[in-house]
Amino acid sequence: MKSRVCELLNIEYPIFQGAMARISDASLAAAVSEAGGLGIIAGGTAPADYVRKEVQKAKSITKKPFAVNIMLLSENADEIAAMVCEEGVRVVTTGAGTPGRYMDMWKKHDIKVIPVVPSVAIAKRMVRSGADAVIAEGTEAGGHVGELTTMVLVPQIADAVDVPVIAAGGIGDGRGLAAAFMLGAEAVQVGTRFLAAYECSVHENYKKKILAARDIDTVVTGRSTGHPVRILRNKLSRRFMELESSGAPVGEIEKLGVGALARAAVEGDMDYGSVMSGQIAALVNREQSCRDIIIEMMDEARKLLNKDWGL
Ligand code: TUI
């Protein structure tokens, strides 16, 4: 299975590790890249210097391509956008906005640009401004999400653009990988399953919570404030829901989210931390190496795609 995405990025397998703010560091990204996928260091809201150090660390662990994700709501986005050029990063993915203003600079440095998009209109706009591929992310994903499901988003974006489409949201095994290809994707992005990787340095409590999650355990907070974020249910999500349904001022609701991701991912606070997770968490039942996750997904997808379905 050598897809256009593998050719474009010079990777072996069409599997990206989703950027997870405060979590996807050099050790996770380098492990995924070493295993033949595309590891992605998450910029999140971190200072550019922190992200630069992670990039340098990843370069010291692997010679294979890896990406940096720039979360465009971050006040450090401009600095990180310039840093990736200085450090010779080969691939950039973006989230939570439109990266048009950086496109010329990145192109000059021969960086492949792959924005995450939640709709057809935004996908088309990104391609017009020079995106090399797009990640169509359904609302099943964890963290900041759009409205549409992966099932409806991927084929519509695949029809609307000529560049390769990477499917994200709700994909955690070989069945999801095979299904995404059937919908027109040429690679997948997987976040939640990599939370349970040995190489993932997220707090042990966070890992345990993902391993124990059931199908209905995630909720989307912040729909009413314009910052919808999918997290696992806990005291924080309940407080969010109470404030949102009582019509509290937006500022008060948003305050709940400040620092909440670090509380969960770094301090391990499962009550008042923001435990971002995709809906697929229930399928993630054991710790594995990044290599085993990738090999298992590829084997399972190949078997399924080669099966005679009697249609
Ligand atoms: O970015 C994500 N997911 C994230 S970012 C994040 S870090 C964070 N920290 C604190 C508060 C909030 C977030 C956690 N999860 N996914 C990619 C994504 N991008 N989903 C949706 C979009 C998106 C939305 C609108 C992309 C482009 C876009 O364009 C709008 C426009 O009109 O330009």
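Listing for the model above:
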{"item": "Whole-percent carbon and sulfur share, accessible surface of the stretch 23-181, 1.4 Å", "result": "53"}
{"item": "Cα gyration tensor, the stretch 65-146 - rounded (a/c under 1.5), prolate or oblate", "result": "prolate"}
{"item": "Percentage relative contact order, the stretch 232-280, counting C-alpha pairs under 8 Å, at least six apart", "result": "43"}
{"item": "Net charge over other residues, Cβ less than 14 angstrom from the Cβ of Lys59 (K, R count +1; D, E count -1)", "result": "+1"}
{"item": "Full-stretch length increase - Asp299, Ser246 - with 0.36 nm per residue and alpha-carbon distance subtracted", "result": "14.2 nm"}
{"item": "Cα shape, the stretch 1-142, gyration tensor, a/c 1.5 rule", "result": "rounded"}
{"item": "For the chain, the longest site-free run once trypsin sites (Lys or Arg not before Pro) in DSSP loop states with at most 13 other Cβ atoms within 10 Å are removed", "result": "64-213"}
{"item": "Net charge over other residues, Cβ less than 9 angstrom from the Cβ of Thr150 (K, R count +1; D, E count -1)", "result": "-2"}
{"item": "Charge sum, other residues only, whose C-beta stays under 12 Å from Gly100's C-beta, Lys/Arg counted +1 and Asp/Glu -1", "result": "+3"}
{"item": "Gain upon complete extension [Asn285, Cys85; 0.36 nm per residue less C-alpha separation]", "result": "68.2 nm"}
{"item": "Of Lys53/Lys107; Lys208/Lys307; Lys124/Lys303; Lys64/Lys209, pairs whose Cα-Cα distance is over 26 Å", "result": "Lys208/Lys307; Lys124/Lys303; Lys64/Lys209"}
{"item": "Percent RCO, i.e. relative contact order, over the chain, from Cα pairs under 8 Å lying at least 6 residues apart", "result": "16"}
{"item": "Where GluC sites (Glu not before Pro) fall in DSSP loop in the stretch 55-123, at most 10 other Cβ within 10 Å", "result": "Glu75"}
{"item": "Extension gain (nm, one decimal) between Val120 and Asp49, 0.36 nm per residue minus Cα-Cα", "result": "22.1 nm"}
{"item": "Contact order relative to length of the stretch 1-106, as percent, for alpha carbon pairs under 8 angstrom and 6 or more apart", "result": "23"}
{"item": "Cα gyration tensor, the chain - rounded (a/c under 1.5), prolate or oblate", "result": "rounded"}
{"item": "The chain - accessible surface per residue (Å², probe 1.4 Å)", "result": "43"}
{"item": "Part-to-part distance (alpha-carbon centres) for the stretch 233-311 and the stretch 129-170, which is given in Å", "result": "18"}
{"item": "In Hz, Karplus ³J(HN,Hα) per residue of the stretch 49-61 (6.51, -1.76, 1.60; θ = phi - 60°; x = Gly, Pro)", "result": "5, 5, 5, 4, 5, 5, 4, 5, 5, 4, 5, 7, 8"}
{"item": "Percent accessible area from carbon and sulfur atoms, the stretch 212-311, protein chains only, probe 1.4 Å", "result": "53"}
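The values are calculated or read from the model by the stated rules, or taken from the named source; none is laboratory data. Being a predicted model, the structure only gives us computed values, none of them experimental. Note that we place each Cβ from the backbone using ideal geometry, even for glycine, and neighbour counts take in every protein chain shown. Accessible surface areas use protein heavy atoms only, side chains included; no ligands, DNA or RNA. Shrake-Rupley method; radii C 1.70, N 1.55, O 1.52, S 1.80 Å.
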